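Read the structure below first, then the notes.
The values are calculated or read from the model by the stated rules, or taken from the named source; none is laboratory data. What you are looking at is a predicted structure, and each value in this text was computed from that prediction instead of being measured. Positions of Cβ are backbone-derived with ideal geometry, glycine not excepted, and every protein chain shown enters the neighbour counts. What goes into the accessible areas is simple: the full protein's heavy atoms, side chains included, and nothing from ligands, DNA or RNA. Shrake-Rupley method; radii C 1.70, N 1.55, O 1.52, S 1.80 Å.
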Amino acid sequence: QVQLVESGGGLVQAGGSLRLSCVASGRTGVSNTMAWFRQAPGKEREFVSAITWSNDDTDYADAVKGRFTISRDNAKNTVYLQMNSLKPEDTAVYYCALRYGSTTYFSGQRYDYWGQGTQGTVSS
C-alpha cells in the first residue's frame, strides 16, 4: 500500500502563489510517476501535471502551462506543485496521485493511489 498526504493549500488572492507538497510513504516502488489532479465544485476531476521518477519527463495541462511547475525530491519521497499567477478558476481541491512505472498519463484511471486532497482557493 501507498499513502499520499498533501499539504500547502490555502486562500490566496488572484495573481498570488501557492506551493503544494505531497509526501508518499509505503510501497512506492523502485520508480514511479507522480501527478497532480484537481476538482472544482460541480466539475469533473482534471489532470494538472505529472512527473516521472527521474525528472526527465513532465507534462502540464494547457490551462496551467507557464504558471505551474512540478518537481520532486526522491530522497524525501515528495512531489511539489509551485503555482504562480493564480486565477479564480484555479480554485479546486488538488489531489496527488501515484502510479508505478515511468510514464506520465493524463487519465486518472492510470494512477494507482490517491491522496485525500488539499483545498486551494483563489479570490478575485
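A few notes on this one:
- Conditions (1) within 15 Å of the chain's Cα centre (by Cα); (2) in a strand (DSSP E or B); (3) surrounded by fewer than 18 Cβ atoms within 10 Å (Cβ to Cβ): number failed by K65: (2)
- Residue within the stretch 96-105 that is free of Cβ contacts under 8 Å to residues at least 40 places away in the same chain and either open to solvent by 70 Å² or more (accessible area, probe 1.4 Å) or part of a strand (DSSP E or B) (or both) present: no
- Candidate set from the stretch 76-87 (those that are within 16 Å of V5 (Cα to Cα) and open to solvent by 40 Å² or more (accessible area, probe 1.4 Å)); member that is nearest to the chain's Cα centre (by Cα): N77
- L4 open to solvent by less than 50 Å² (accessible area, probe 1.4 Å), over 27 Å from S123 (Cβ atoms) and at pLDDT 95 or above: yes
Results for (1) β-branched (V, I, T); (2) under 16 Å from Q119 (Cα atoms), shown as yes or no for each residue.
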| position | (1), (2) |
| --- | --- |
| V2 | yes, no |
| S7 | no, yes |
| Q13 | no, yes |
| T28 | yes, no |
| K43 | no, yes |
| F47 | no, yes |
| T52 | yes, no |
| A75 | no, no |
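- Number of positions in the stretch 68-81 that are small (G, A, S) and either assigned to a loop (DSSP other than H, G, I, E, B) or in contact with a Phe, Trp or Tyr (Cβ under 6 Å, 6 or more places away or on another chain) (or both): 1
- Candidates D56, D62: the one that is farther than 28 Å from Q13 by Cβ and of a type outside the set (S, T, Y) is D56.
- When residues in the stretch 10-38 are screened for being surrounded by 13 or more Cβ atoms within 10 Å (Cβ to Cβ), modelled with pLDDT of 95 or more and not in a strand (DSSP E or B), 2 of them pass.
- Per the conditions (1) open to solvent by 40 Å² or more (accessible area, probe 1.4 Å); (2) assigned to a strand (DSSP E or B), the sole criterion not satisfied by S49 is (1).
- Among (1) open to solvent by less than 40 Å² (accessible area, probe 1.4 Å); (2) hydrophobic (A, V, I, L, M, F, W, C); (3) under 18 Å from G8 (Cβ atoms) - the single one W114 does not satisfy: (1)
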